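Here the structure is laid out as structure tokens; the discussion comes afterwards.
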Amino acid sequence: MKRQIITVDEALCTGCGDCIPGCPEGALQVIDGKARLVSDLLCDGLGACIGHCPTGAMRVEVREAMAYDEKKVMREQIMPKGPNVIKAHLQHLLDHGEDEYLADALACLREAGIAAPLEGSSSHAVLTHKGGGCSGSRTMAFGSPAGPSPSGGAVDGPSELTQWPVQLHLVSPLAPYFKGSDLLLAADCTAFAVGDFHNRFLRGKSLAVACPKLDSGLDIYEEKLTAMIDEGGLNTITALVMEVPCCNGLMTIVQRALQASSRKVPVKKVVIGVKGDILSDAWVEL
């Protein structure tokens, strides 16, 4: 299966080992002076180790990898290390909204007769209900457009956003809201240029946003789109770009993802002028 997983750039890795404590799952070891991913089964692909690397040698990529095994990680790596490591691991899953992994982890603890360290804390109410964790990268599906604002006043047109996150580096290509959906792949600037962006372009679509000029790791974007097409079964892709030349890179990403995929999906290209007018809107062959 294709999924997110850690990769190490050996040219940048100094073998300092700072990433090792950041991976309580035990997926990383320093071998022959370099950090190595020793098991796909132990890597959850959430990237907790990345922030500990002083040289930027670590990143998340999407590739063919064995499915992560939360129960194996719990039994062999987490539980033997005691309550503090267990608590940190559960919090890690909670913060990333990994509800299925959390369920597996809690099941392992119950089977072993170990109380979950988060139980009884303020975090536990979040742990046992959908919708908890850090909103920055936690996968959420809203289901329907927003209504009145929390203050009680009417919003100036409801939001058509039905998911979170939306930035292409943060989204999971296998998130349920992408499965069989019509994807709007929007250049960052388009939402600011088009006054009725939500009503005209976002309604009824899943969303990913990116900037082909300023974002790094465009190869990751291609891999994620390929996974969305092949594994997520995207129905269509609408690429919403600005008229400026650098935005053409978004179409290049789509083209390369299609070339790498086993499925072909219809692609529409919509070009927005810098004043918000629609310059072209047509299905294209790639």
### Subset of the stretch 2-33 [touching a Pro at 6+ places or on another chain (Cβ under 9 Å) and not in a loop (DSSP other than H, G, I, E, B)]
Lys2, Arg3, Gln4
### Query
Which one is surrounded by the fewest Cβ atoms within 10 Å (Cβ to Cβ), of the residues in the stretch 1-43 that are modelled with pLDDT under 85 and either farther than 21 Å from Lys81 by Cα or assigned by TED's automatic domain parsing to the domain that holds Tyr101 (or both)?
Met1
### Task
For the stretch 221-241, indicate whether the set of residues that are under 26 Å from Gly56 (Cα atoms), among the aromatic types (Phe, Trp, Tyr) and surrounded by 21 or more Cβ atoms within 10 Å (Cβ to Cβ) is non-empty.
yes
### Summary
Within the stretch 63-103, restricting to residues that are in contact with a Gly (Cβ under 7 Å, 6 or more places away or on another chain) and assigned to a helix (DSSP H, G or I), the one that is modelled with the lowest pLDDT is Asp95
### Unique residue being outside any loop (DSSP other than H, G, I, E, B) and either farther than 25 Å from Gly232 by Cβ or at pLDDT below 90 (or both) when the list is Leu106, Leu46
Leu106
### Task
Take Arg63 and decide whether it is of a type in the set (D, E, K, R) and either under 21 Å from Ala115 (Cβ atoms) or free of Cβ contacts under 8 Å to residues at least 60 places away in the same chain (or both).
no
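The values are calculated or read from the model by the stated rules, or taken from the named source; none is laboratory data. Everything numeric in this text was worked out from a predicted model, so none of it was measured. Ideal geometry is used to build each Cβ from the backbone, glycine not excepted, and the neighbour counts take in all protein chains shown.
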